[in-house]
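**Q** My questions will all concern the structure given below.
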Amino acid sequence: MRLLDIIGVSCFNTSFYSGFVFLEREDEDSYIWALSVFKKTLENHEPSVIMSDRELALMNAINMTKKVVIEYIKSTWLPWKEKFVSAWTEKYLHFGNRSSSRAEGAHAKLKQYLQVSTGGFQDVTEKICLAIKHEFNEIKVKLASERIQVLHNCDAPVFRELLCRVSHFALKEIHMQYEKIKTGTMTPCTGHFMATMALPCAHKIKHLKGMTLSLDLIHPQWRIDTLRLNLEDGIHNDGAKEFDELLSELSSRYQMWPQSKKEFAKSMITKLLAESDTLVEPMIRRPKGRPPKSKKKR
């Protein structure tokens with residue numbers, strides 16, 4: 001059976017597995033069923049963006065004449081131009097994902113866990129769960145780290161409300177826009193950056209005239225202060241109060257920067273790792289009985 005893997009994009013701009021579906025056939029009815037089941041599992045957490053490639057039958061390009069190629073492009077690709085030509089796609093929200101390479105990379109990573117394509121259902125399920133657990137632990141550690149770490153190049157007052165509340169990837173993207181103002185390399189505004197990334201562009205930042213960037217300008221995709229990850233309960237977006245308490249405690253320690261904050265961060269990450277389901281190689285123990293012969297006697 002075909003294995004359809006659905007890939008998500010985190011606020012860190014990294015990939016994670018969202019769902020797996022076994023398909024008897026790769027036809028329209030099967031895909032409709034798979035997506036409808038996946039939608040039920042999401043409940044009220046439907047994604048803002050959905051991307052996919054377009055599956056086409058293999059074509060014998062060697063025997064194609066120029067006329068056939070043009071007809072092929074007109075009938076096969078041009079009707080879908082709004083889905084892949086940048087003149088159209090740069091008007092819509094896609095968080096910087098312009099190709100299916102992310103899904104291809106995640107699929108290759110999954111194959112390393114599956115190893116073979118003929119495993120039984122239980123064996124495949126266990127390996128998929130192992131891949132998800134390892135991935136989940138990596139996200140938990142990264143989330144805890146970015147909540148307490150401040151990027152040194154984002155110490156300007158304009159970033160004050162975003163620190164420890166927005167992912168480092170998003171902060172770096174905003175900082176690059178901010179640098180365009182300082183270096184005078186701004187180009188005429190096309191609106192593409194704000195439309196595709198849902199982050200303030202250089203023109204928006206300049207319009208604020210030194211005022212602090214508000215969290216309202218940041219899409220929820222890039223927020224880390226409202227996330228709480230729990231393996232048993234799933235992913236919830238109601239951890240804002242808990243995070244505010246953590247931020248208050250962190251602020252009280254801010255005057256003792258940098259040593260106390262480094263120790264605080266280290267203790268939090270150490271505690272997080274201790275509570276996670278990190279898997280390690282088993283310890284090799286020497287069996288009981290007669291000890292092995294020495295090399296000299298051999």
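The values are calculated or read from the model by the stated rules, or taken from the named source; none is laboratory data. No experiment lies behind these values; they were computed from the predicted model shown. Backbone-built Cβ (ideal geometry, glycine too); neighbour counts: all protein chains shown. Surface accessibility is based on the protein's heavy atoms, side chains included, excluding ligands, DNA and RNA. Shrake-Rupley method; radii C 1.70, N 1.55, O 1.52, S 1.80 Å.
**Q** Might you let me know whether region 179-187 holds any residue that is in contact with a Ser or Thr (Cβ under 6 Å, 6 or more places away or on another chain) and not in a helix (DSSP H, G or I)? Break it down stepwise before answering.
**A** Pass one, region 179-187, residues in contact with a Ser or Thr (Cβ under 6 Å, 6 or more places away or on another chain): none.
Looking for residues that are in contact with a Ser or Thr (Cβ under 6 Å, 6 or more places away or on another chain) and not in a helix (DSSP H, G or I), one finds none in region 179-187, hence no.
**Q** For residues in region 81-134 being open to solvent by less than 40 Å² (accessible area, probe 1.4 Å) and of a type in the set (Val, Ile, Thr), which is nearest to Ala195 (Cα to Cα)?
**A** Ranking the qualifying residues of region 81-134, first place goes to Thr89.
**Q** Ok, one more. With respect to Lys140, is the statement that it is closer than 19 Å to Gly8 by Cα, part of a helix (DSSP H, G or I), out of contact with any Asp or Glu (no Cβ under 8 Å at 6 or more places or on another chain) and without any contact (Cβ under 8 Å) to a residue 12 or more places away in the chain true? Give the derivation first.
**A** On the way: closer than 19 Å to Gly8 by Cα: yes; part of a helix (DSSP H, G or I): yes; out of contact with any Asp or Glu (no Cβ under 8 Å at 6 or more places or on another chain): yes; without any contact (Cβ under 8 Å) to a residue 12 or more places away in the chain: no.
Here the answer is no, as Lys140 does not meet what is asked.
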